[in-house]
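Take a look at the structure set out below.
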Amino acid sequence: MAKKRYVMVVDMKRCIGCHTCAIACKSGNNLPNEVWWNRVLTFGGKDMDTPHGKFPNLQKQYLTLGCQHCDDPACVKACPAGATYKREDGVVMQDYDKCLGCRLCIMACPYDSVRSYNEDNPEYYLDFTVGDKMVKPQQKGTVSKCNFCVDRIDNGLSPNCVDVCPAKARFFGDIEDPESEVYKLLNANKHTQLLADKGTNPSVYFLI
Amino acid sequence: MIRKEMSLIINSILVPLAAGLFIFLSVFRALLSDPVDVHSIRYFTGAGMALAGPVVLLGIIISLFHLGNPFRAYRSVKKIDTSWLSREVFFTGSFFGLWLLYFIMELKGIENFYMICLTVLAGLLSVVSMANIYHSTGKPGWSGFNTYFGFLGSIIILGSVASSVIAVYGGSESGEVRVLLMFSVSSAVFVLAVRFIQQVVLFKKLKPDEEWSIDSLVSGSSLNKETISRYKTYISSGWILSSLGIVCAIFFLASSGVMHFVVLAVSFAFVVAGEFLERCGFYILGPE
Amino acid sequence: MAKQGASFSEAFSPEVSAAQDEQVYSCMCIGNCQSRCRLFVHVRDGKAVKTSMAPFPDPRYNRVCLRGLSQVQRIYDPNRLKYPMKRVGERGEGKWERISWDEAIEMITTKFKGYQEEFGKQSIAFSTVSGDMGFVQGIYSIKRLTNLLGATETEYSLDMSDTFGLGRVLGNGGVFNQRNDPADLANAKTIIIWAANVPDSHPHDWRFIADAQQAGAKVIVIDPRYTTAAAKADRWISIRPGADPALAMSMANVIITEKLYDEEFMLNHTVAPFLVREDTKKFLRQSDLTGIKPESPAIPDPYIVWDPTSNEGKMLSEVQKPALEGNYTICNFKVTTAYTLLRDEMADYPPEKVAGICEVEPEAIREVARLYAQNKPSSIYCGFIQYNNGLQTGHAWGILASLTGNIAKPGASVGHCGLSGYNLNFIPYLFPRGMNAHIVPWIYLKEVLKSGKFKGKDHPIKAMFIIASNVVCNATNQKEILNTIFPALEFIVAVDMVETDTTKYADLVLPAAHWFERIDIAQGPDQPHTTLSEKALEPAYESKSTTDIYRLIAKGMGIGEFYKHSDEEFIQMLIDTDLARASGLTWENLVEKKVIQTLPTCWVNWAGNKFPSPSGRLEFYLEDPKPRIDCGIEIDKSREHLPVFTPPFEAWPGNPLMKKYPLVYHTVRQRWRLHSQWHGTPWLRELDAEPLVKIHPKDAEARGINTGDVVEVFNDRGHVVLKAVLSEEMRPGMVSVPKGWQRHQFIAGSYQELTQDHCNTSDFNQSFYDVLCEVRKVDKSAYEKLK
């Protein structure tokens, strides 16, 4: 069987910056307070939702940023403990049990804030676990990040952030499968990767 | 960033200091041949080389505080094949381990020339690995040659002055010693001169990111005006203090015993402070 | 086991849920964003741990948003009202005494009965708005109570300016049923998004507009500020706030002048050929000519039109192609075609003249008008006009649709919302003993309380029961509510899930069950389904469902027999119609399938051009314009047969007030809240930590304000103190404050203190943006002492 490579596709033309995907990830993965694996960025002015330019010649777009699950990840090379590793199907994983909390992965990663570090005991607003029970609980002193919702995809479900998008701007699948939605989308549309010149070959594509 | 990484910063001063002490003093021992002062030479170089162990151990312990899970620290050597941090931990550990063996052999009076060589090598490789951790990230201000002159330079700057302190405090007065000390402190001048040139070039190169580009929006290497100016302040003040310390030390060494030992101690304090500030500046360029 | 398919389109698997010890319920998210999303509520160990998107039969309708996904934090909000509380101390002081439900109901019914005996049935008022849109537990169900009790019912006076304006043209007045299924937007070639920031306010509709764009449609956004909709548009027209009617009428002017109208549509489906009598301003009818009025409304009284071939007036049905234009005399009646009157009225709005009013280039007006008229089918996605002249805007939109035929067709849609409740059995459910409630518009309430009269008769009101409404936060002129309206009421009960600005000023507070803690049904309007909302959890603490609360009150008020039904029985009563059954909506089906599609995909409203007006046509000329609600107040009909541009009430240059308060003040909807719901949700507050006023850098610079400064936004009515953000998205000369934050979340004051409560006696609507203000930098510490 051909090797899988899971990728995510985000249509920047359609993304409206609504943060539904960010909240879906936060709630489904029971992320601690202040931890976000999926962030929504305003590509415009300095502050959220503000545009670039001078009235009325303005521009504004949105994009989401989480772990890019690079094909050649800088973090996997940097991790001294083997806590960060890449699965056969392309998902870059973070093993909390092995993580030392040295944060070299954060330093090595070309992307901003896609990894979160639990400096203290993770805190939550509610005193019971929310989200998918199968998600591994977070630990103090370790790094966490988007893992393409491996527990869900291994059970045939889509990651938390994909189907919920109100603008229908998010897609996930195996790019090695010519029948997959992501393959067809990338074939038919102009697309780009973030910081492609860093050479890590990210697995998140943006339709532009 | 600085406060969070303080234990790393301190570690990055202590390890080059330990390596520098050991390297310089073992070289001195090899070169110095005054038969009259043999006992004293052996004494002061031995004392200094003995200090290297506790200093690097202190550095290792302090660096554990940087970890979220210090009790898992043993796992940090698992990825020597790809990780510069694994390599650094390995070589730093080796440096300490080899130093221990040297020290035992020294105490027992066993010939330990090859052990000393291995220890020196481990110390150098440890600091080279440390530099490569940052160099390999490709971040602006980290991915250039200045990184090597920063970390490896500390070996020379700290090591030379520390060795002088040990020698003088140890009462070694021979002219040969003075010449060696002067020579080693002067090599620090060379390092500082190269650093100066490198920093001037780097200061010009470091520009705040384009205000409006997706790259700067998503990049972990995002630099804004404030960060760059803080970086420049730290690096400049660090360089000035280290230079002051080196100049002070040269004056002391050139004065042939006229100046009080305190001057040399003060110059050591200056270089420590200077290297510390230089390192703080370096870390400011890292992710928040 | 959900299959590992070529694409990961399965978001839910019963097996995976079971493996995680979850019981999954099918519920509805029923705030009034108009989406009515279907949610799976995942319950583990008796606690809701997650909400996820539940699908509709046609996946194009699948939707959810960040708020629906944050429901778990609302259910377990530490500020949940737990038990009935009676006020001790002054209103607003925050001192409460816990009482039992028995005591609370006793208090309510004793007082209500006492007031009704002494002051009349109308002396107790029930007030609801849109906080809960289920049919059994939500806002509609209050009518059963008010009509049985003969009580006063406040009408929310919201979103009813342009809606009523267009509604009169359609013929259904002030009803939220105007446009096609939003999915139909994907079929449009031209979409004008007018005064709406769809991505933020209706994210569930956006994908259809994006689909249309991808298929080559042109999207034009008309909005003073550069919203996300504007950022995605092919063309953004930054209109001067409040100038919308002039722009719409100028578009009509262009369509008329350049003869871009659809004559066939106008002649057959609008009142264009109808003849308007010069004397009465009404349409000429056969009874005018014969002198004999039909005995009953059932007997038709044909309209008369001009037959150009035989040069005479004839019955409409007898003329193949009536005259579109012209003045005629028939039997001594001087008449003019409605189209002629329209043409002459719109002649006052050529683009060159309107450009100054709207601050829009004449060429832009022409371009939009031409696109709308020619690049068909065209839809206008209407936002709710928040100025006093919104009525004219809606009327003008109706004119545009009438001229071009951009209505009642796939891809051609105009107006708000859509069919909702059309197939439900409302009469026995809401009016079991007939219509006996007294409808008093909220915006007119102050007048009624002051004078003690309504429609010429005495109408004392002594008590108010507020449910599914945070009126202190969300209605205009907050200080008037707190200082004039509330003090006139001796007894105020507020029902809510959490503590709000309104509950803080009540005399008695009752805890309401969360939406997932009771059973209900919901429909669209933005998706074509009827969906069951199961009871996933027991009501928290001592909270009760709306129906349980009403049952207790009804028993105490002596109408308990009308509340013997269970919630399921109420639902069954509601869906007991042939229309419902025809689409498969039965109780058994509902319980089994949870969701039934009760309208066709991409359904078209008014299909076949069947409009609910008296003539069955689009009445862009109103022969007898009436106010939206009968409060016994006459209106100036002369300005409402056809729209005449009048500036907004306050926010317009030329208003001397502008010297003192030069900035237009908008209070905008953001994705983070739905009105004031979700104001305390922690996950959302992490992303949106505090209210910020947006101001254009030019205006900010003139006032020495930078991003992050604490500022006071104020006018004569009140103030709000908060941090500022400079943004080029703002049109210079206006500021925007996000709505829905509670008073305690501001440094001082509230955004609602500044708004005005002028009562427009045609549409009885609140004009939230029709406000002027000034902004100045202040020292935050001055307000710290007040806390």
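Things worth noting here:
- Taking N as its residue count, the alpha carbon Rg of the stretch B:49-112 over 2.2 N^0.38 Å: 1.28
- Think of each Lys and Arg Cβ as +1 and each Asp and Glu Cβ as -1; about the Cα centre, that makes the dipole of the protein assembly as shown roughly 1720 debye.
- Bridges between two residues of the protein assembly as shown, per DSSP, are antiparallel at a rate of about 60%.
- With both labels modelled 7 Å from their Cα along Cα-to-Cβ, the C:GLU117 to C:VAL175 distance reads 4.1 nm.
- Percent RCO, i.e. relative contact order, over chain C, from Cα pairs under 8 Å lying at least 6 residues apart: 19
- For B:TYR43 and B:SER256, the FRET efficiency from 1/(1 + (r/R0)^6), where r spans their Cβ atoms and R0 equals 25 Å, is about 0.70.
- Highest average first, the peptides C:187-200, A:5-18 ordered by how many other beta carbon atoms sit within 10 Å of their residues are C:187-200, A:5-18.
- Residue by residue, the stretch C:496-508 carries 3J(HN,Hα) couplings of 7, 7, 10, 5, 9, 4, 6, 4, 5, 9, 8, 9, 9 Hz when phi is fed to the Karplus relation 6.51 cos²θ - 1.76 cosθ + 1.60 (θ = phi - 60°); x denotes Gly or Pro.
- Simple label model, 7 Å out from Cα along Cβ direction - C:MET435 to C:GLU568, nm: 3.4
- In the A-B interface, the accessible area buried, summed over both sides, Å² (probe 1.4 Å): 3000
- For the peptide C:726-736, the mean number of other protein chain Cβ atoms found within 10 angstrom of a residue's Cβ is 4.
- For C:CYS759, residues with placed amide H under 5 Å, excluding near neighbours: none
- If you sort the three axes of the alpha carbon gyration tensor as a ≥ b ≥ c, you get a/c of 1.5 or more for the stretch A:20-80 and a/b no higher than b/c, which makes it oblate.
- Other-chain or far-sequence residues with amide H under 5 Å of C:ILE492's (modelled H): C:MET464, C:ASP507, C:LEU508
- Accessible surface ranking for C:ASP567, C:ASP234, 1.4 angstrom probe, highest first: C:ASP234, C:ASP567.
- Long pairs among A:LYS46/B:LYS225; C:LYS409/C:LYS610; A:LYS26/A:LYS136; C:LYS86/C:LYS111; A:LYS26/C:LYS50; C:LYS232/C:LYS739, criterion Cα-Cα beyond 18 Å: C:LYS232/C:LYS739
- Phi-based couplings in Hz for the stretch A:71-77 (Karplus 6.51, -1.76, 1.60; Gly and Pro marked x): 6, 10, x, 5, 5, 5, 5
- Virtual paramagnetic centre 7 Å along Cα→Cβ of C:GLU93, amide N under 17 Å, in the stretch C:483-519: C:487, C:491-492, C:504-509
- Area accessible to solvent at C:VAL129, 1.4 Å probe radius, in Å²: 30
- In the full protein context, chain A carries 36 Å² of accessible surface per residue, based on a 1.4 Å probe and ignoring ligands, DNA and RNA.
- Descending semi-axes in whole angstrom, ellipsoid equivalent of the stretch A:89-190, from the Cα gyration tensor: 29, 18, 13
- Largest to smallest in accessible area, the residues C:GLU774, C:GLU690 fall in the order C:GLU690, C:GLU774 (1.4 Å probe, all protein chains included).
- Of all accessible heavy-atom area on the protein assembly as shown, the percent that carbon and sulfur account for (1.4 Å): 56
- Label-point separation, B:ALA265 to B:THR233 (7 Å along Cα→Cβ), nm: 3.2
- The mean number of Cβ atoms from other chains found within 10 Å of a Cβ in peptide A:42-48 is 6, as a whole number.
- When the alpha-carbon atoms of the stretch C:379-443 are used, the pair Rg, Dmax equals 16.6, 45 angstrom.
- Gyration tensor (alpha-carbon) shape descriptor, the stretch C:628-752, a/c threshold 1.5: oblate
- Crossing angle, helix B:175-205 versus chain B [Cα axis fit, 0-90 degrees, rounded to tens]: 10
- Peptides C:68-76, B:51-59, C:110-118, ordered by how many other C-beta atoms sit within 10 Å of their residues on average, highest first, read C:68-76, B:51-59, C:110-118.
- Beyond 21 Å, the tail of the calculated P(r) for the stretch C:552-650 holds 67 percent of the Cα pairs.
- Of all DSSP bridge pairs formed entirely within the stretch C:657-786, close to 65 percent run antiparallel.
- Size of the stretch A:6-207 as Cα extents on the principal axes (Å, biggest first): 49, 39, 31
- Spatial separation of Cα centroids for the stretch A:24-101 and the stretch C:160-194, in angstrom: 41
- Residue-by-residue Karplus 3J(HN,Hα) for the stretch B:61-77, coefficients 6.51, -1.76, 1.60, Hz, glycine and proline x: 4, 4, 5, 4, 5, 6, 7, x, 10, x, 6, 9, 4, 4, 6, 6, 9
- Surface accessible to a 1.4 Å probe, A:HIS52 within the full protein complex, Å²: 60
- Calculated over the protein assembly as shown: convex hull of Cα atoms, volume per residue (Å³): 200
- Spread over its residues, the convex hull of the C-alpha atoms of the stretch C:578-622 is 113 Å³ per residue.
- Accessible area (Å², 1.4 Å probe, nearest 10) - A:ARG115: 20
- Kirkwood-based Rg to Rh ratio, the stretch B:190-288, C-alpha trace: 1.16
- As an equivalent ellipsoid, the stretch B:50-156 spans semi-axes of 26, 17, 12 angstrom, where each value is the square root of five times an eigenvalue of the C-alpha gyration tensor, largest first.
- Prolate/oblate/rounded call for chain C, Cα gyration tensor, a/c under 1.5 rounded: rounded
- The alpha-carbon positions of the stretch C:482-568 define a convex hull whose volume is 150 Å³ per residue.
- Among the residues of A:24-31, the average count of other protein chain beta-carbon atoms within 10 Å of the residue beta-carbon is 5.
- Exposure rank, largest accessible area first [C:ASP162, C:ASP636; 1.4 Å]: C:ASP636, C:ASP162
- If you wrap chain B in the convex hull of its Cα atoms and look at it from every side, the mean projected area works out to 15.7 nm².
The values are calculated or read from the model by the stated rules, or taken from the named source; none is laboratory data. These numbers were taken from a predicted model, which means no experiment stands behind them. Here the Cβ is made from the backbone with ideal geometry for all residues, glycine too, and neighbour counts use every protein chain on show. What goes into the accessible areas is simple: the full protein's heavy atoms, side chains included, and nothing from ligands, DNA or RNA. Shrake-Rupley method; radii C 1.70, N 1.55, O 1.52, S 1.80 Å.
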